[in-house]
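One structure is given below, encoded as structure tokens.
The values are calculated or read from the model by the stated rules, or taken from the named source; none is laboratory data. Because the structure is a prediction, the values reported are computed rather than measured. Note that we place each Cβ from the backbone using ideal geometry, even for glycine, and neighbour counts take in every protein chain shown.
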Amino acid sequence: MLLLREKTAFYLKDLETPVGKTINLTIAGLVLLSSIIFVAETYQIPDTVRFNLNTIDTIILIIFALEYFLRLWSSDNKIKYIFSFYGLIDLMAIAPYFFGVIDISFIRLLRWFRILRLLRFIDRKFLFGISSDDGVIFARILFTLFAIIFVYSGLIYQVEHPVNPKVFVTFLDAFYFSIVTMTTVGFGDVTPVSELGRLLTVLMILTGIALIPWQVGDLIKRLVKTANQVETVCLGCGLAFHDADAKFCKICGTKLN
């Protein structure tokens with residue numbers, strides 16, 4: 001039993017062996033598919049298509065639930081996993097499924113957080129063909145911005161569409177509103193009417209003011225740092241760029257040629 005738990009924990013985190021990579025890339029693909037289904041459901045589609053999408057989404061939720069309990073079961077510190085960042089995201093991804101039998105409308109808001117589960121894959125550069133650490137950082141920044149805008153778009157749509165269906169017609173309307181709000185452009189052609197929608201708008205503005213300059217500033221610092229480095233591939237760990245006067249790799253300590 002202990003060996004089975006260790007193997008389960010390994011493959012759920014591993015992204016290098018064929019089995020681990022297959023499992024985790026499948027989960028990442030299901031996250032993307034689930035997000036696409038959510039967006040598609042905001043449009044006028046035939047009832048048969050909607051039924052098929054709901055069936056697929058239910059299957060994905062069951063897989064996510066199984067994955068969550070496997071991660072919990074194989075974790076050495078279960079309490080730590082439950083309250084960890086990824087643990088909370090995993091739980092929010094499956095919460096709508098378990099609370100679906102109860103009429104709790106706000107629980108549906110949690111489903112938009114599923115896209116954040118992809119954050120655990122961003123630092124694996126070999127999965128996306130990224131050859132440098134700066135490329136990983138750039139990809140992480142872009143995905144973080146996209147994920148936050150996506151989540152806010154889903155939340156504002158879920159809140160405003162029932163009370164303001166002529167303005168927030170589809171997900172694209174909510175996505176457009178999120179972008180112009182977070183960038184503080186604020187054209188004013190799309191506005192929320194509910195109190196919760198206005199609260200979300202305030203949070204969007206504050207997030208845009210704080211997050212975007214911070215992320216762009218971090219990217220600029222990385223680019224400036226890279227400009228002062230030379231390409232010298234480390235034979236030990238493969239790190240491509242080092243300071244011009246570096247004699248040893250700053251990651252593994254291997255002597256540089």
Restricted to segment 169-205 and to residues being in contact (Cβ under 8 Å) with a residue 24 or more places away in the chain and of a type in the set (Phe, Trp, Tyr), the residue surrounded by the fewest Cβ atoms within 10 Å (Cβ to Cβ) is PHE175
Based on what the data block shows, is LEU91 without any contact (Cβ under 8 Å) to a residue 40 or more places away in the chain, part of a helix (DSSP H, G or I) and closer than 26 Å to LEU172 by Cα?
-> no
Of the listed residues (ILE56, ILE27, ILE36), the one being closer than 21 Å to ARG120 by Cβ and either of a type in the set (D, E, K, R) or without any contact (Cβ under 8 Å) to a residue 40 or more places away in the chain (or both) is ILE36
Selection within segment 150-168 - crowded, with 21+ Cβ neighbours inside 10 Å and either in contact (Cβ under 8 Å) with a residue 40 or more places away in the chain or assigned to a helix (DSSP H, G or I) (or both) | PHE150, TYR152, SER153, GLY154, LEU155, ILE156, TYR157, GLN158, VAL159, GLU160
Checking ILE79 against (1) β-branched (Val, Ile, Thr); (2) at pLDDT below 75; (3) over 24 Å from ILE141 (Cα atoms), which single condition isn't satisfied?
-> (2)
Does LYS21 count as surrounded by 15 or more Cβ atoms within 10 Å (Cβ to Cβ) and farther than 21 Å from MET92 by Cβ?
-> yes
Out of ASP134, ASP47, ASP57, report the one residue that is more than 30 Å from MET1 (Cα to Cα), at pLDDT below 75, charged (D, E, K, R) and out of contact with any Gly (no Cβ under 6 Å at 6 or more places or on another chain).
-> ASP134
